[in-house]
Amino acid sequence: MDKYYNKIQEDFLVEDLSLFRFGSIGDGGYYLKPDTIKNSKVLFSGGISSNLEFEYDVFRFNKAIRIIMVDPTVSGFKLIFKGLARLFFKKPDKIRYLFNALIFNYLVKHKRCRHLKLWLKDPISILNLVETNKSADSKILLKLDIEGGEYDFLQEISSNLDAFSALVFEFHDMHLHHQKVYDFIKKCSSKFSLVFISENPSGGYAGPNQPKCIEITLEKK
């Protein structure tokens, strides 16, 4: 499947004019229906790195949603240090780093938010983590951007579609795993529609119409 990106678009993409972008304008923002966020009970966010603008938008938009952020590489101190270092060395995005450091420290102090310092990989279960953290509701808004680790969870997700309100992914190394992604979207298509797909140029390309990194949104039908 040399033109796997076009193939996914042609076979699954459904136009939806009600989508809105939550989070940052560039990397770290995702398209979803506002009603999906309002009706979700839990945001499970795998991979936050130095950008929490999506999580903060969801937190403000839905005043009752519980947020579980999973990333072992992040701490409030690290984010503040990175921001100050960028400020001192006059590097780009220094204000944004400091802004996200403030967001992180604000969210983790709130009773609706929880930060887990875990590597998301097999045999960890997303649903078990949600239940363990006292959020055993369905209507889980799932976001995974974990640098290739997302493939470990496709089977669990596709076998428990009723638990989720929407699925947001950044898929990495697509030139190696595009068939897995295609098959996953096909399995989900009975209950979810692919409403958004985009190349992420920062991931590079394996050839024409072969982005190594893509972002997708699957909304419940």
Selection within the range 74-120 - at pLDDT below 90 and within 30 Å of Glu156 (Cα to Cα): Val74, Ser75
Only unsatisfied item for Ile48, checking (1) modelled with pLDDT of 95 or more; (2) β-branched (Val, Ile, Thr); (3) outside any helix (DSSP H, G or I), is (1)
I need every pair where a residue in the range 109-129 that is in contact (Cβ under 8 Å) with a residue 24 or more places away in the chain and among the charged types (D, E, K, R) has its Cβ under 8 Å from the Cβ of a residue that is surrounded by 13 or more Cβ atoms within 10 Å (Cβ to Cβ) and part of a strand (DSSP E or B), sequence separation at least 6 or different chains. Arg112/Arg66; Arg112/Ile67; Arg114/Arg66; Arg114/Ile67; Arg114/Ile68; Arg114/Met69
Residues that are at pLDDT 95 or above, touching a strand residue (DSSP E or B) at 6+ places or on another chain (Cβ under 6 Å) and among the aromatic types (Phe, Trp, Tyr): does the range 61-69 have at least one? no
Residues within the range 157-169 that are crowded, with 21+ Cβ neighbours inside 10 Å and either touching a residue at least 60 places away in the same chain (Cβ under 8 Å) or part of a helix (DSSP H, G or I) (or both), tallied: 4
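If the requirement is being part of a helix (DSSP H, G or I) and in contact with a Gly (Cβ under 8 Å, 6 or more places away or on another chain), which of these qualifies: Leu98, Leu127?
After applying the criteria, what remains is Leu98.
The values are calculated or read from the model by the stated rules, or taken from the named source; none is laboratory data. It should be emphasised that the depicted structure is a prediction, and the values quoted were computed from it without experimental measurement. Neighbour counts are summed over all protein chains in view; Cβ atoms, including those assigned to glycine, are modelled from backbone coordinates with ideal geometry.
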